[in-house]
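Asker: This is the structure, below, for whatever I ask next.
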Amino acid sequence: MAADYTATPFVGRTFGVTVSNLTKKFGNVTVLNNVSLEVRPGEIFCIMGPSGSGKSVLLKHIAGLERATSGEVRIGEHDAADPETRTKVHLALVFQAGALFSSLSVYDNLALYPREHKLCGEAGIRERVMHALSILSLEKAAQKFPSELSGGMKKRVAIARALVMEPQLLLYDEPTSELDPVMGATISEIIATLREQTAVTSIVVTHDRDLALSIGDRVAIIMDGRIRATGKAEEFRAPKDPAIANFLTPVIDLKNPRFKQLENNNE
Amino acid sequence: MNQLKLVVGHIGGAVLLLVRTAGFVKTLPGQFGRFIEQCYLIGYTSLPIVTILTFFIGGVLALQSGYSMENFGAKQFIGTLVGLSMVRELGPVMVAILIAGRVGSAIAAELASMKVYQEVDALETMNIPAERILVLPRLAAILAMMPVLTLIGIVCGWYGGALICEYTLLISVDSDSYFTALKQYMKNKDVLDGLLKAEVFGFVVVLVCCYIGLNTRGGPREIGASVTKAVVTSLILILVLDYFVTKALL
């Protein structure tokens, strides 16, 4: 008989993540090339990089959704490729577009995990779901369907759904993409507050410089499937590596031949 | 050679999906709501089109055969011909084709869209197997609904034929003679074989559509491609399996 849930802050044991010599190839294309990094328990670790650099694929390996060509990912002492690990470490992933179940209401989206795993009775599930919704100020959206939500609300519901799982490792894939600056800042604040309240280890994949440098304890820059640099967030405010500097603070040169070509095409 | 490898790979993948799904059979009673929802979607919502289609197939069969059999003085056997054709062949095959076009395409589209928009990945991160909550209720529902739909289709086909025979001047076989002839050569085995064929077709259609939907990669364009692939593969499999199942049952 499942015990009823009592709302408590989502505090539990947190896990570090170790990525060792991870290589992933899709056919002849090498997406990740010998990537190694370490995420410490309880920290917010941001992975930044240009589009197509392999950030999301790396995140999928940490979540155990992809199999490595070589190398390994360990969450604490557990192998990330083992599906059981996700349950053992209470891993939750907030997807870029939310990945909410379109046929279910917001409430049922959040209730799915405890229901399917029979974690508690219906009253306990309700308490658990409403607690997560209240953290994200989404109580009024409980009966809405994902198609009725704005982009920012979808992201918040996705975070609330992750919270219902009482995560000890929380992964975010581009949490501020497609959001206006105000909503982006709100999501950043939510990520930072959740870590503060629950000490959850958070890995944030993003190309949003402001997000990474404002909430990240440490940042890794990934380029062409390789880790280019890892360090404290403040070290990336004035990077010495020209490639990283160009990525973090791109200079738009209108004399660049590419722009000339675009101008000609427009004419 | 590469094409052959690809086909063998897909067959293996579909069998693996079936084996994984079978591992969750015990969870079916706990998913009664999902099972009933799928029965409604597969069975109830398909009912109008099944009745209309099979009614007219029976009618056309009676019309075509009536004119031909008139020449041989054998029009009293129209009921037998329509009855057996509907039970043994046209009922199961036409209902299966309809299910492939209507239900199979919807299943492939829904699962492909769930895959593309990462809903299936979200399930995986929650350790909720897609086979358990997405495939199993659909397979169970098709097994429950296919015989019902086929039986209704067969009866509609019979009545379509009867109506045409009664009211087409050149045929003019009354309903009583039509149904007497129909019953005369009909055995229980014919009906059971027809229903068994329908079960096989329906099961394969849903399995194939689930497999193709869950293996969609890419973006919205691939959802459309998956639906086409699922329906075309289902139609080919229905007709190929029809030969082998018929041969095995004869």
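Asker: With r as the distance between the Cβ atoms of A:Glu234 and B:Leu235 and R0 = 56 Å, compute the FRET efficiency 1/(1 + (r/R0)^6) and round to 0.05.
Answerer: Efficiency for this residue pair is about 0.35.
Asker: Please identify the DSSP H helices in chain A that span no less than 15 Å along the helix axis (Cα) and have a mean Kyte-Doolittle hydropathy of 0.5 or more.
Answerer: none
Asker: Within 10 Å of each residue's Cβ, count the other Cβ atoms and sort B:Arg102, A:Arg237, A:Arg156 from fewest upward.
Answerer: A:Arg237, B:Arg102, A:Arg156
Asker: On to the next question. Give me the Kirkwood hydrodynamic radius of region A:100-166 in Å, from all C-alpha pairs, to one decimal place?
Answerer: Here the Kirkwood hydrodynamic radius works out to 11.5 Å.
Asker: Under the definition of Cα pairs under 8 Å and six or more residues apart, what whole-number percent is the relative contact order of region A:100-166?
Answerer: 48
Asker: Same structure again: Which of B:Val206, B:Val231, B:Val155 moves most in a GNM of chain B, Cα contacts under 10 Å?
Answerer: B:Val155
Asker: So if the hydrodynamic radius of chain A is defined as the Kirkwood radius over C-alpha pairs, what does Stokes-Einstein give as its diffusion coefficient at 20 °C and 1.002 mPa s, in µm² per second?
Answerer: 109
Asker: Report, in order of residue number, the helices in chain B meeting two criteria: a C-alpha extent of 18 Å or more along the helix axis, and a mean Kyte-Doolittle hydropathy of at least 1.0; treat each whole DSSP H run as one helix.
Answerer: B:2-22, B:47-72, B:136-167, B:188-214, B:220-249
Asker: Which residues does a label at B:Gln64 reach in region B:87-126, if reach means a backbone N under 20 Å from a point 7 Å past the Cα toward the Cβ?
Answerer: Residues B:87-99 fall inside that zone.
Asker: A further question on this structure: Using +1 at the Cβ of each Lys and Arg and -1 at the Cβ of each Asp and Glu in chain B, identify which of B:Leu134, B:Val245, B:Val7 lies farthest towards the dipole's positive end.
Answerer: Working it through, the farthest residue towards the positive pole turns out to be B:Val7.
Asker: Compute the distance in nm between two label points, each set 7 Å from the Cα along the Cα-to-Cβ direction, one at B:Leu143 and one at A:Ala245.
Answerer: That separation, rounded to one decimal, is 6.7 nm.
Asker: Oh, and also: Averaging sequence separations of C-alpha pairs under 8 Å and six or more residues apart, then dividing by the length of chain A, give the relative contact order as a whole percent.
Answerer: Relative contact order of chain A: 27 percent.
Asker: By counting other Cβ atoms within 10 Å of each Cβ, how are A:Ile244, B:Ile52 ranked from fewest to most?
Answerer: B:Ile52, A:Ile244
Asker: Between A:Gln143 and A:Ala81, what length in nm is gained on full extension when 0.36 nm per residue of separation is reduced by their alpha carbon distance?
Answerer: This chain segment gains 18.8 nm when fully extended.
Asker: What is the extension gain from B:Ser172 to B:Phe24, computed as 0.36 nm multiplied by their sequence separation minus the C-alpha to C-alpha distance, in nm to one decimal?
Answerer: Result: 47.8 nm gained on full extension.
Asker: Okay, moving on. Placing one identical point scatterer on every Cα of region B:90-212 and ignoring solvent, what is log10 I(q)/I(0) from the Debye formula at q = 0.09, 0.14 Å⁻¹?
Answerer: Relative scattering, expressed as log10 I(q)/I(0), comes to -0.39, -0.70.
Asker: Dipole magnitude of the protein assembly as shown about its Cα centre, charges +1 at Lys/Arg Cβ and -1 at Asp/Glu Cβ only, in debye to the nearest 20?
Answerer: Charge dipole, the protein assembly as shown, about its Cα centre: 740 debye, nearest 20.
Asker: Still on this structure, please answer the following. With labels modelled as points extended 7 Å from the Cα through the Cβ direction, what inter-label distance (nm, one decimal) is found for A:Ala123 paired with A:Lys255?
Answerer: About 7.5 nm, to one decimal.
Here, each number is a calculation from the coordinates, and none is a lab measurement. If you're wondering where the values come from, they're calculated on a predicted model, not measured in any experiment. Reconstructed Cβ throughout: ideal geometry from the backbone, glycine too, with neighbour counts over all protein chains shown.
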